[in-house]
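Everything on this sheet refers to the single structure shown next.
The values are calculated or read from the model by the stated rules, or taken from the named source; none is laboratory data. All figures in this text were calculated on a predicted structure; none of them were measured in a lab. Every residue, glycine as well, gets a Cβ built from its backbone with ideal geometry; the counts of neighbours run over all protein chains shown. The area values use the complete protein model at the heavy-atom level, side chains included, leaving out ligands, DNA and RNA. Shrake-Rupley method; radii C 1.70, N 1.55, O 1.52, S 1.80 Å.
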Amino acid sequence: MPPSHARSLGRSVREHGFTITALARHSARVRRDHLALVVDGWSATFGELWEAAEGAASVLFREPLERRPRPVVIACDGPAMVIALLAGSRLGLDVMPIRPALLDELRDAVPADALLIHDGEAPEWHPGPTVTATSILEWSRADGSGLASTRRRVRIALPALSSAGTVTTHVQGALGIQGLRQLAGLHDRLGVEGTDVILACAPLHRGKGLQLLGMSLLTGATLVSAANTPAADRLRIIEERFVSVLSASPGQLAGMLDELDRTGKAPPRLRRILLAGQDLDADLVRRVHATWGPIVLTAYGTVQTGTVAMATPELLSKHPGTVGLPLPGSEFGIVGHKGSGDASGLLWVRGAHATVITEDQARIEGGRLTITGPLQHPDTAE
């Protein structure tokens, strides 16, 4: 990182803490005219994205929020989701991104007084104020340059549903030293650069999507969102947008491979493929290596801890079923098994200031993590 960029990042962190607000403000300063985000045909540079967030934040603060803090629940798709997330973070509010399809299922996690930003009709069960995604896009064109600074620092609340139907909410504040080590380890193994174009097949509301958004804001890479997109369109986007890094679930990648087999077309060029969110089939890893070469990485994490394990292409070539070694600042182990030796059973993981006993069965060999049973909460978003 050039000295000028380091100074900008340090200034943003002093103002906003190590939060997504600081990353967005930093990128707007040092990469103002570089393309930041492409989603549903809408695109913005880093400077335009920050200005859109400040414009929306200024109107939100004056009107629906009535100049007082309250949680913001973001249950919309498309560019409005990212703008609302950054607008809420600019105001230092607690923001809760939820995929619109899961809103009713996760209704118990929605605070009664929250401002709900939604697609379509507002749900009848929510007593608090509501705002449409269309309004967010309209307000993003307002002048927010006069918005005052705030002492509040954004927290991101991530609701999760257990297999028993219990809804729990994990609140992520500033990353801290442990979180910084985890993010740095993720960045080092994935190797994202400012010249990369990243295609995210997962929704940007949680997990992989939020991590990739933060990664693009930190490194200056361009993020292209292709959630809920057919395999043929994803392959077309890779070619047209010169995508170099692909993030997808194993099922999504298998769909793209099937499409290549069906059409007989040559695979588009890629530098890195990151797989996560679903059970990993070793045969799929071999199939991808046969198509693109050894460029596949795999990852594992939870809502509460973020990504805690990652496998490099070199490790995955030798052990195609693994999801990798622990990232710096994270740990994992088998419940009831002491020490760091090989073991099998119920998995616990630690990262991002949280320790979680998962509902997944796993095996640890030589420090490598392999999930041995079906994931309890696979990513089903296509």
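Brief remarks on what is shown
- Here the relative contact order of the chain, from alpha carbon pairs under 8 Å that lie six or more residues apart, stands at 13 percent.
- Summed over all non-identical Cα pairs, the Kirkwood treatment of segment 3-172 gives a radius of 16.4 Å.
- Alpha-carbon gyration tensor eigenvalues x 5, square-rooted, for segment 237-277, Å: 16, 15, 7
- Sites R141 and H337, calculated FRET efficiency, Cβ-Cβ separation with R0 41 Å, nearest 0.05: 0.15
- log₁₀ of I(q)/I(0) at q = 0.17, 0.20 Å⁻¹ - segment 31-127, Debye sum with one point per alpha carbon: -0.76, -1.00
- Against the criterion of solvent-accessible heavy-atom surface with a 1.4 angstrom probe, D283, D33 sort, most first, into D33, D283.
- Alpha-carbon centroid distance for the pair segment 260-310 / segment 350-382, whole angstrom: 17
- Here the contact order of segment 126-218, divided by its residue count and restricted to Cα pairs under 8 Å and six or more residues apart, works out to 15 percent.
- Rg over Rh, two decimals, segment 177-329 (C-alpha only, Kirkwood Rh): 0.94
- Mean Cβ neighbour count within 10 Å, used as a protection proxy, ranking 127-134, 219-226, 12-19 highest first: 219-226, 12-19, 127-134
- With contacts taken as Cα pairs under 8 Å at a separation of at least 6 residues, segment 166-264 carries a relative contact order of 29 percent.
- Projected over every direction and averaged, the convex hull enclosing the alpha-carbon atoms of the chain yields 18.5 nm².
- Per-residue ellipticity at 222 nm from helix content only, as computed over the chain with -39500 (n - 2.57) for each DSSP H run of at least four residues, stands at -10500 deg cm²/dmol.
- Of the residues K318, K338, K208, K265, ranked by 1.4 Å probe accessible area with the largest first, the sequence reads K338, K318, K265, K208.
- One equal scatterer on each Cα of segment 302-382, no solvent, Debye formula: the resulting log10 I(q)/I(0) at q = 0.11, 0.21, 0.26 Å⁻¹ is -0.27, -1.01, -1.43.
- Inter-part distance, segment 217-259 to segment 137-153, computed on C-alpha centroids, equals 32 Å.
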